[in-house]
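Every number here is computed from the coordinates shown, using simple stated rules; none is lab data. Remember, it's a predicted structure, so these values are computed and weren't measured experimentally. FYI the Cβ positions are ideal-geometry reconstructions off the backbone, even for glycines, and counts take in every protein chain you see.
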Amino acid sequence: GQQVMQIPQYQHVQEGEDFTTYCNSSTTLSNIQWYKQRPGGHPVFLIQLVKSGEVKKQKRLTFQFGEAKKNSSLHITATQTTDVGTYFCAGIRNNDMRFGAGTRLTVKP
Amino acid sequence: KAGVTQTPRYLIKTRGQQVTLSCSPISGHRSVSWYQQTPGQGLQFLFEYFSETQRNKGNFPGRFSGRQFSNSRSEMNVSTLELGDSALYLCASSLVTGPHNEQFFGPGTRLTVL
């Protein structure tokens with residue numbers, strides 16, 4: 001069955017450093033979504049990528065969908081303390097959605 | 001517009017008991033999905049309801065069931081609780097059915113089974 005792997009599991013950065021989380025699927029996806037969950041909170045939708053090779057930006061966040069539609073990444077430039085939380089990818093194939101295990105980001109001021 | 005609400009927010013039960021959790025979607029949203037979140041297994045899809053019909057189901061035993069009412073509110077029930085059912089149960093609503101749509105999550109119900 002479809003599996004979605006996400007790395008790293010944890011990332012601790014100094015404020016101002018960049019951060020990247022990677023998502024890899026065992027099968028080709030139709031689309032991929034990214035969510036952020038603050039400590040003690042619930043997942044909040046960030047973005048959906050649909051096209052092969054797609055790149056989308058939201059301020060300091062850059063999302064990429066691989067050419068083969070099997071991997072994706074989220075890159076945060078110059079992290080801030082407000083970026084703290086767990087970032088999840090969710091791979092979608094047909095009507096099946098699988099979440100990655102998430103990358104927990106901590107930022108030291 | 002009010003967000004997704006879930007009740008209760010916290011629940012403590014003992015093994016063998018059953019529990020019912022409630023979810024009210026964003027007004028106008030007709031799809032409600034349920035997820036279980038645990039530190040070990042992460043976010044796992046339970047089922048999705050749209051127009052009072054179960055449209056999709058994850059890999060959970062039959063002890064986990066749900067339903068949706070005509071006003072789109074949804075409930076999920078877990079019978080014969082086990083220790084491993086301790087988790088944060090999240091519901092998410094979206095305008096239409098299918099995982100291709102943006103989902104709006106509620107705050108969750110934290111269930112502890114003793």
Residues satisfying the stated conditions in region A:74-100, i.e. closer than 17 Å to B:Gln44 by Cα and surrounded by 19 or more Cβ atoms within 10 Å (Cβ to Cβ): A:Thr86, A:Tyr87, A:Phe88, A:Cys89, A:Ala90, A:Gly91, A:Ile92, A:Arg93, A:Met97, A:Arg98, A:Phe99, A:Gly100
Only listed residue being in contact with a helix residue (DSSP H, G or I) (Cβ under 8 Å, 6 or more places away or on another chain) and farther than 17 Å from B:Gly108 by Cα, chosen from B:Arg30, B:Arg15: B:Arg15
Count - residues of region A:1-35 that are away from chain B (no Cβ under 12 Å) and of a type in the set (Gly, Ala, Ser): 3
Hits in region A:48-63 (condition: in a strand (DSSP E or B) and either more than 9 Å from chain B (Cβ to nearest Cβ) or charged (D, E, K, R) (or both)): A:Leu49, A:Val55, A:Lys56, A:Lys57, A:Gln58, A:Leu61, A:Thr62, A:Phe63
Residue tally, condition away from chain B (no Cβ under 14 Å) and at positive phi, over region A:70-92: 1
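A quick yes/no check of all residues on (1) assigned to a loop (DSSP other than H, G, I, E, B); (2) away from chain A (no Cβ under 12 Å); (3) closer than 27 Å to A:Gly100 by Cβ:
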residue: B:Ser27; (1), (2), (3): yes, yes, no
residue: B:Asn56; (1), (2), (3): no, no, yes
residue: B:Phe60; (1), (2), (3): yes, yes, yes
residue: B:Thr80; (1), (2), (3): yes, yes, no
residue: B:Leu90; (1), (2), (3): no, no, yes
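Residue-by-condition table, conditions (1) surrounded by 13 or more Cβ atoms within 10 Å (Cβ to Cβ); (2) charged (D, E, K, R):
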position	(1), (2)
B:Arg9	no, yes
B:Trp34	yes, no
B:Ser65	yes, no
B:Ser72	yes, no
B:Met76	yes, no
B:Thr80	no, no
B:Asp85	yes, yes
B:Tyr89	yes, no
Answer residue from region A:36-47, given it is in contact with a Pro (Cβ under 9 Å, 6 or more places away or on another chain) and part of a loop (DSSP other than H, G, I, E, B) and is farthest from the other protein chains (Cβ to nearest Cβ) among those: A:Gly41
